[in-house]
Amino acid sequence: MKDSSFLWYDKPASAWTQALPIGNGTLGGMIYGKVEEETISLNHDELWTGHPKNTIRPGSLEAFQKARALALDGKLRESQDIIESDFMSTWSQAYLPLGDLVLTFDGSDRKSDYIRSLDLDTAIASVSYRQGKRIMRRELFASHPDKVIAVRLICENGKFDVTASLKCQLHHKVKSQSGLLVMSGEAPSEHNTNGQPDKQSYSKVDSERGMLFTCAVKADTDGKKHISGKGIEITGATVVTLYLTAETSFNGWQNNAFTNGKPHLEPCIERLSKDFDYEAVKSAHIADYRALYSRVELDIGSNGKDNIPTGKRLRNFKKDKNDIALYTLLFNFGRYLAISSSRPGSQPSTLQGIWNEKLCPPWHSNYTVNINTEMNYWPVLPCDMPEVNEPLIEMVRDLSVAGERTAKEMYGMHGFAAHHNVDIWRMTTPVGGCAVWAFWPMSPGWFCEHIFAHYEYTMDEKYLRETAYPIMKKSAEFYCDYLVEDKDGYLIAAPSTSPENNFVLNGSNCAVSQTTTMTMSIIRELFENCIKASDILGEDKEFAEILKDKLKNMLPFRIGKKGQLLEWYNEEKESEIHHRHCSMLYGLHPAHLITADGTPELADACRRSLEIRGDDGTGWSLGWKINFWARLRDGNHALKLFDQQLRFKASTGMNYSHGGGTYENLFDAHPPFQIDGNFGAVSGVCEMLLDCFDGKIYLLPALPDKWSEGSVRGLLAKGNIKVDMTWSKGKLTSYSLTGKGEAHVVYGGKETVHRLDGGTLTVEL
């Protein structure tokens with residue numbers, strides 16, 4: 001159904017958050033669909049500012065030891081002062097725009113019958129319109145197999161002229177070379193502009209210079225072609241096909257990309273030297289993309305809104321929530337974004353996936369790893385796309401090496417440490433600024449939740465032994481050292497913060513506590529998963545026993561006077577009661593330390609915490625809350641937040657608290673744009689339909705009343721079991737399981753055990 005798989009608009013984009021995204025994991029493009037002068041904004045996943053360097057602050061170990069002693073003594077403000085004055089490091093580097101492919105056409109911008117679209121079934125964007133007798137059509141896609149962005153321009157009932165040129169905000173030169181239009185440039189050596197794009201830093205010292213890059217364009221046409229530094233000029237054509245590719249000199253996080261970079265010009269020329277068959281390139285692209293996208297199919301109904309432009313549907317949703325296919329469209333769009341922004345061999349998706357137009361993007365468009373990067377990958381495994389998970393796993397593998405020095409020199413501890421910001425150079429130290437966001441050495445533990453989940457979904461024991469467990473163990477070693485006894489004999493991680501949230505201490509804001517609920521939840525989950533992994537692998541029993549002993553003595557979850565789950569070590573007054581972060585609920589989601597059935601009292605405390613926090617929030621915060629309410633088995637409340645996620649947003653201004661919604665192109669509005677809200681919403685849909693933990697598969701655990709009729713195909717459950725379901729009048733009518741081994745299925749409070757032989761088992765209810 002087009003209303004759940006097709007974005008379309010009846011006019012060109014006038015803003016970046018109206019443009020349509022394409023991507024192949026490495027190359028990204030944003031398509032405006034303009035008539036007289038088209039702009040395709042370009043990105044390459046490796047193009048960042050900076051170079052490898054040591055960011056560990058001298059004297060930080062001594063500062064940490066002082067801060068720990070002060071925190072344990074209850075002198076929290078003094079502890080925070082030490083951290084902020086003597087422990088913090090420098091800012092992360094920034095993800096950069098590559099440039100623009102500009103297509104200048106003959107004629108005016110007068111047009112009729114205009115349509116700009118993105119087909120999620122094929123990952124192809126299109127533009128079509130009439131100019132008098134001429135019918136103009138464009139097809140655009142980012143091919144993963146051929147590593148190019150392909151642009152086909154077609155004119156029916158006439159001919160056209162077009163000039164393709166390249167523009168860039170970085171230091172660069174454009175020339176004609178080897179029959180191609182070639183742009184080569186250099187990234188800034190440092191991102192220290194304080195939001196001022198004209199103050200980019202370009203060092204003249206080789207060891208401090210930024211990475212190099214090349215972008216090249218090839219044109220095939222039946223018209224006349226002339227190439228110069230100004231562009232590719234084509235006249236009298238009926239068909240033009242452009243192939244664009246790009247490479248950087250990035251050669252791994254440990255290597256200087258200027259002095260020890262990989263070739264970037266030659267691979268582009270070589271890639272574009274072949275004779276492309278457009279239809280073959282297109283077919284290979286569709287087949288490659290569908291191999292991932294088509295694994296899952298959701299149908300919760302349609303109200304026949306496919307004849308209404310997507311932007312108008314979104315605007316109408318505020319007053320008319322009967323456009324039920326809009327939920328499915330956002331679900332499908334999120335899966336499309338995941339495939340387009342993360343592929344084996346690419347970098348992981350940033351705060352903006354792989355799409356960024358600014359030299360000074362919000363939060364450097366980096367990896368913000370106190371939830372945002374993790375949220376990017378929540379839907380990947382439930383939607384049966386483990387391949388898409390690989391870039392994240394590889395980054396965590398890098399961090400497990402880069403963070404060893406941080407753990408040793410900043411904390412005096414074993415294992416590895418990382419904090420709340422990471423960049424392509426695998427920065428692991430805390431950034432500058434305030435402890436409330438920067439002092440948070442918990443990202444390795446959270447990443448290990450993903451690392452172990454990848455095994456649980458795929459059942460790849462080789463991966464568990466060779467990749468996952470070594471990383472998990474190294475992370476657990478750090479937290480073993482971090483734990484200390486409190487005044488009551490409990491093991492706590494001191495000092496600690498609850499990401500980006502403050503409490504009131506003696507009339508002013510304070511972030512540092514003796515420990516926090518999120519910190520203890522992450523460590524508890526990691527230790528439990530390490531013990532599970534040790535048992536599965538039949539090795540490292542001694543370390544598992546150490547972890548078991550520590551678990552026995554760790555500070556438990558505690559409930560406050562309002563019936564809420566406590567966030568900090570003591571029951572504190574929150575500075576911002578409706579804060580966007582709900583970090584104390586980590587044990588409910590993404591972990592399963594707290595469950596509606598297994599720990600009902602704690603689940604009720606989580607519910608009360610959410611009630612106190614309120615339903616509003618930024619885009620990603622709304623996404624997380626959808627998942628929380630699904631875990632609490634309240635599908636209607638989860639859907640209420642999904643409805644808030646679908647609020648139309650036109651503004652691109654900053655809003656930390658109450659701005660969440662969706663831009664016209666369906667990008668998540670933090671605001672500004674952050675892609676994590678898109679992925680959080682997809683994950684929320686999966687959680688409403690399927691939950692799995694402790695060896696059990698829960699079917700339709702939080703189905704909203706509004707989704708009373710529907711089906712889903714291809715969701716993946718832990719145990720590498722694929723699940724199909726149909727339901728009617730809010731009740732499950734059938735389900736199918738595909739996999740091997742025992743499947744413990746729970747529906748309506750009843751557990752059924754199925755033995756699977758590798759084929760498909762179907763149960764009619």
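A few remarks follow.
- Cα-centred dipole magnitude for the chain, charges only on beta-carbon of K, R (+1) and D, E (-1), debye, nearest 20: 1660
- Kirkwood Rh in Å, taken over all unlike Cα pairs in the range 253-347: 17.7
- Nearby lysines by direct alpha-carbon distance to LYS552 (threshold 21 angstrom, same-chain neighbours under 8 apart not counted): LYS473, LYS474, LYS487, LYS532, LYS541
- Placing +1 on the Cβ of every Lys and Arg and -1 on the Cβ of every Asp and Glu, with no other charges, gives the range 326-679 a dipole of roughly 560 debye about its Cα centre.
- Packing order of peptides 596-609, 489-502, 135-148, 680-693, highest average first: 680-693, 489-502, 135-148, 596-609 (average count of other Cβ atoms within 10 Å over each peptide's residues).
- In straight-distance terms, cross-link reach from LYS640 covers every one of the lysines whose alpha-carbon lies under 22 Å from its own, apart from those fewer than eight places away in the same chain; here that gives LYS305, LYS312, LYS318, LYS319, LYS321, LYS625, LYS649, LYS706, LYS729, LYS731.
- Counting neighbouring Cβ atoms within 10 Å and putting the fewest first, the residues SER621, SER651, SER41 line up as SER651, SER41, SER621.
- Average Cα contact separation per residue, the chain, under 8 Å, 6 or more apart, as relative contact order %: 12
- Acute angle (nearest 10 degrees) that the helix 443-458 long axis makes with the longest principal axis of the chain, alpha-carbon atoms: 70
- In a fully extended conformation the segment linking VAL763 and SER736 would gain 9.1 nm over its present Cα-Cα distance, using 0.36 nm per residue.
- Positive dipole terminus of the chain, leading residue within SER85, HIS744, LEU699 (C-beta point charges): LEU699
- Residues SER273 and GLU576, FRET efficiency given R0 of 51 Å [Cβ-Cβ distance, rounded to 0.05]: 0.35
- Extension gain (nm, one decimal) between LYS321 and HIS744, 0.36 nm per residue minus Cα-Cα: 148.7 nm
- Lysines whose Cα lies under 28 Å from that of LYS262, excluding same-chain neighbours fewer than 8 positions away: LYS53, LYS147, LYS167, LYS173, LYS175, LYS199, LYS204, LYS218, LYS230, LYS274, LYS358
- Pairwise inverse Cα distances across the range 326-679, averaged and inverted, put the Kirkwood hydrodynamic radius at 20.5 Å.
- Rounded to whole Hz, the Karplus (6.51, -1.76, 1.60) HN-Hα couplings of the range 258-273, x for glycine and proline: 8, 8, 9, x, 8, x, 10, 6, 4, x, 5, 5, 5, 4, 8, 7
- Placing a pseudo-label 7 Å from each Cα along the Cα-to-Cβ vector at ASN255 and ARG130 gives an inter-label distance of 5.6 nm.
- Over all other residues within a Cβ to Cβ distance under 15 Å of SER207, the charged ones net out to -1, with Lys and Arg as +1 and Asp and Glu as -1.
- Estimated 222 nm signal from helices in the chain, with DSSP H stretches of n ≥ 4 weighted -39500 (n - 2.57), rounded to 500: -8500 deg cm²/dmol
- Taking Cα atoms only, the orientation of helix 676-689 departs from the longest principal axis of the chain by about 70 degrees.
- Karplus 3J(HN,Hα) series, Hz, for the range 555-567 with 6.51 cos²θ - 1.76 cosθ + 1.60 (x for Gly, Pro): 4, x, 4, 9, 10, x, 5, 8, x, 8, 6, 5, 9
- For the range 467-501 versus the range 590-655, the gap between their alpha-carbon centres in whole angstrom: 26
- Dividing the mean sequence gap of close Cα pairs (under 8 Å, 6+ apart) by how many residues the range 326-679 holds gives a relative contact order of 13 percent.
- Net charge of the neighbourhood of GLU139, taken over other residues with C-beta under 15 Å away and scored Lys/Arg +1, Asp/Glu -1, is -3.
We did not get these values from a lab; they are worked out from the coordinates using the rules stated. Source: prediction; values computed, not measured. Backbone-built Cβ (ideal geometry, glycine too); neighbour counts: all protein chains shown.
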